[in-house]
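Working notes for the structure below.
No value in this document is a laboratory result; all are computed from the given coordinates. Because the structure is a prediction, the values reported are computed rather than measured. Cβ: placed from backbone, ideal geometry, glycine included. Neighbour counts: every protein chain shown.
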Amino acid sequence: MIKFTEVVSEADSYNPETGTVDTSYLLKTLYINPAYIVEIRENEEIAQKHASGSLVENLSKDIGFSKIVVSSGGSWVKTYDVVGYPKQLLTSLKEGE
């Protein structure tokens, strides 16, 4: 299993000024079996939110974000938003072999 830091979004309260539900973000530990990772790509959406300061407080501005796609075969697929650039995550996967 490989340890990652997942970015989790949680719906907050309704904001009548914007007409949307506000979202907060937090970091959680995530363990994934590397045999089931089928794709890793940069997550530009989360990176933009982080650059605008609306993600997680006290998180370095130099940090990157990725999407990890996991499948155990068949039609089951799950995508996780994690901290780290794809190249960093690939290094972690190679070290964990």
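Just a few scattered comments:
- Reachable aspartates and glutamates, given that their alpha-carbon falls under 20 Å from the alpha-carbon of residue 94 and they are not under 8 places away in the same chain: 6, 39, 42, 81
- Relative contact order computed over the stretch 27-97 (Cα-Cα under 8 Å; 6+ residues apart), in percent: 31 percent
- Kirkwood Rh, Cα atoms: Rg over Rh of the chain: 1.02
- Packing, taken as the mean count of other beta carbons within 10 Å per residue, orders the peptides 43-53, 77-87 from highest to lowest as 77-87, 43-53.
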